[in-house]
Structure formats: structure tokens, C-alpha cells
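As C-alpha cells, the structure follows; a few thoughts come after it.
The values are calculated or read from the model by the stated rules, or taken from the named source; none is laboratory data. All of these numbers come straight from a predicted model, not from anything done at the bench. With ideal geometry, Cβ positions are generated from the backbone for all residues, glycine too; neighbour counts draw on all protein chains shown.
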Amino acid sequence: MNKIGVSIRDVARETGLSTATISRVVNGGSKVSDETRQRVLEACARLDYLPNPAARALSTRRSKAVAAIIPTIEHSVFAKFIAAVERTLGERGYSLIMAIAKADEAEELAAARKLLGMGADALILSGLDHSDLLLEMLERRAVPYVFTSAWDDRSARPTIGYDNALLAERAMQHLADRGHRRVAVVHGPLAESDRTRSRRAGAASVGDRFEHLAFFEAPLDVAGGKACVGAALEDPRDFTAYLCSTDVLALGAYFACAEAGKRIPQDISVMGFDNLDWSRDIVPPLTTIDLPAVGMGEMVAQRIVAYLEDGAPLQNELLTAGIIERGSVADLT
């Protein structure tokens, strides 16, 4: 807490600078020399002075807080993304506030209302599908927002992410190039995620390259992947490879294969999507799509701050992602 009676004027007297200069420093302004910034920060530390965020919000009509609503924090791809957003915002004098909506539009709308009520200057949303009520509220309040984890160059709303359909198509081509002609695609609930629907559509778009291509929907967790692949292993089409729309489902596939006495990749090949932290450490290491979660978090934070500070337009931006080849896909050629 600030010492009683310590104000921005005290810092100005301590440094011999104007209150406007002190304000620019403590609010993260860029039009200050490094020497002046250091001088102000040292004086703030000596006086135990901290800026009052409530007063700042009243005077500037900005809280310097950005809100993010994500489906879950249980998977490291979201944890990496949020950590990168928070770090990048912090470097620019902004704070992150966050809520989890569990892929539920009603929960997302309630979370958005709460976060905006806390004074959030901008909103980060996952995916492309959101309720009309939410989008109308953001437009009515003139709150800037960005859709993440997906990219659509035709979207009138800013999307910063990757092309899920194209990445799934490339994953299928990777399997085809290695001689797999009977492939099962295991994905999460289609109703819950536009990213899942895009990945399924991308995989289906190259179906003519395969003798058998089948799709299986499973709950989006390890148990769901295990149960789904366990059942699919009994399918008479005798799939040689399983493409899982997330690494979480792929881990379930590993357990199902082990329980059925199937060796990876000698008997069954498995490919994932996300490149979660553990995917390189399981045995055999998982071949997967490496999603740019950290780079996406940094870019989203940078673009939002640039919009808030300088009015730089928010627009669609595509991030690249690629396949990491490890040891879980056999070459049948």
C-alpha cells in the first residue's frame, strides 16, 4: 500500500519532474527517456508509492486491464498461451484478468459481463463461434476484441491464430505419404468447438486419398480417447493409423493400444495435435502438430496494446504451425 499522504505530487517533488511525466512513467507511456523512467521508478520505490488504478481509470477512462475468456486451463496449450499474454501485457504496463467458460456460450456471456464490469479495456476470446448477445454487447460498448486459436481471412472480426483445417489436411497428407490408407480420426465434441469442426473438415477434404477414412467423436479427455480408440481397434476396417485432434485424445489412444496389446508404431500409428509438454517424453514420443501457443499469446497482447495506445487496427493474422516428427508413426511405404 502507499504510505499515508504519499501521492504523485510527492514523487514529482522528489524527482524535480512534472506530475505529467510521473504519470506517463507509472502508466507505461512510451514517450519517456530510459534515464527519466529509471529516475521515476527509483523515487517511487524510495517513497513506497504505487499508482491508484481506480483513480487512473477515472482520469483516463482506461483500467489498463485486458480480459481473456478461455475454455479450460487444464491443457498446457492454453496455459502457455495465457502465460505469454500476461507476460507481454505486463511488459507494457497492462494487467490480465481471466475467466474460464468451459465452451459454454451462456457462461462466456456471463463472464464477459463480469470482466467488463471490472473495467477491462479489451477482450480476448477463443475460437470463432460466440453468441450474438456477446458480440452485440461488445459492439454496443465499443470494446475491442480478438478471436484467437483460429484464423479466417474472410472474417470481418479480427482473428489471430492458425488455420485448423489446413493443419489437419497436412496431418492427413503426412500419414498418406507414409503409406497409411486406412485412417481413423478421433476428435472431441463437434458441438463444443469450431476448431474441432475445422480440423474434422480439413481431414475429410482429403478423404479420396484413403481406402478407409472414418471419424469418431469422443469426450475431450484422456478417458474419452482411450474408450473411443479401444472400440475402434475392433473395427473390421483395421485402421493402421489414428489421427487425434488433440494430444489429450492421443494419450488415451496410447493407453487403449497398450491395453489391447498393440505396439506403437509397429502395430498402430498414432498422431496428435497441439504438441503438449509431455508429448516428447512419452514412449514412443508422439508425432504431432506444434501449435504456436506462445507466439500467439505474444502477438495478441502486442496487437491489443497497439490498438489501445495508438489506434493501430486489429486485423486477421495467420501464424504458422508445423508437424513435429517423432516416433509414433510408422512408415509403411
Q: Only residues that are of a type in the set (K, R) and either within 21 Å of the chain's Cα centre (by Cα) or exposed (fewer than 14 other Cβ atoms within 10 Å of the Cβ) (or both): list them for segment 303-333, please.
A: R303
Q | Considering residues of segment 116-148 that are out of contact with any strand residue (DSSP E or B) (no Cβ under 6 Å at 6 or more places or on another chain) and free of Cβ contacts under 8 Å to residues at least 24 places away in the same chain only, the residue surrounded by the fewest Cβ atoms within 10 Å (Cβ to Cβ) | A | A142
Q. Residues in segment 77-115 that are assigned to a helix (DSSP H, G or I) and surrounded by fewer than 16 Cβ atoms within 10 Å (Cβ to Cβ): how many?
A. 10
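Would you mind finding the one in A103, A110, A79 that is without any contact (Cβ under 8 Å) to a residue 40 or more places away in the chain and under 22 Å from D163 (Cα atoms)? Reasoning before the result, please.
Values: A103 fails: without any contact (Cβ under 8 Å) to a residue 40 or more places away in the chain; A110 fails: under 22 Å from D163 (Cα atoms).
Of A103, A110, A79, the one residue that is without any contact (Cβ under 8 Å) to a residue 40 or more places away in the chain and under 22 Å from D163 (Cα atoms) is A79.
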Q: Check whether at least one residue in segment 228-241 is without any contact (Cβ under 8 Å) to a residue 40 or more places away in the chain and surrounded by 21 or more Cβ atoms within 10 Å (Cβ to Cβ), and report yes or no.
A: no
Q | Checklist (1) touching a residue at least 60 places away in the same chain (Cβ under 8 Å); (2) under 22 Å from A218 (Cβ atoms); (3) in contact with a Ser or Thr (Cβ under 7 Å, 6 or more places away or on another chain) applied to L167, failing item | A | (3)
Q: Enumerate the pairs (first residue in segment 313-326 and more than 19 Å from G297 (Cβ to Cβ); second residue anywhere and among the hydrophobic types (A, V, I, L, M, F, W, C) and surrounded by 13 or more Cβ atoms within 10 Å (Cβ to Cβ)) with beta-carbon separation below 8 Å, excluding pairs fewer than 6 apart on the same chain, so at least 6 apart or on different chains.
A: I323/A171; I323/I289; I324/I289; R326/L286
Q.
Quick check on segment 313-324. Is at least one of its residues touching a Lys or Arg at 6+ places or on another chain (Cβ under 8 Å), assigned to a helix (DSSP H, G or I) and more than 27 Å from S95 (Cα to Cα)?
A. no
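Which of the residues that make up segment 202-230 are closer than 22 Å to I282 by Cβ and aliphatic (A, V, I, L, M)? Quick ask: steps written out before the conclusion?
So in segment 202-230, the residues closer than 22 Å to I282 by Cβ come out as 216, 218-230.
Within segment 202-230, A218, L220, V222, A223, A227, V229 meet the criteria.
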Q.
All but one of (1) on the phi < 0 side of the Ramachandran plot; (2) at pLDDT 90 or above hold for T72; state the number of the condition that does not hold.
A. (2)
Q: Determine, yes or no, whether H130 is in a loop (DSSP other than H, G, I, E, B) and farther than 23 Å from D221 by Cβ.
A: yes
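For segment 168-196, name all the residues that are buried (at least 21 other Cβ atoms within 10 Å of the Cβ) and either in a helix (DSSP H, G or I) or basic (K, R) (or both). Steps first, answer last, please.
Taking segment 168-196 and keeping what is buried (at least 21 other Cβ atoms within 10 Å of the Cβ), we get 168, 171-172, 175, 180, 183-188, 193, 195-196.
Correct list: A168, A171, M172, L175, R195, T196.
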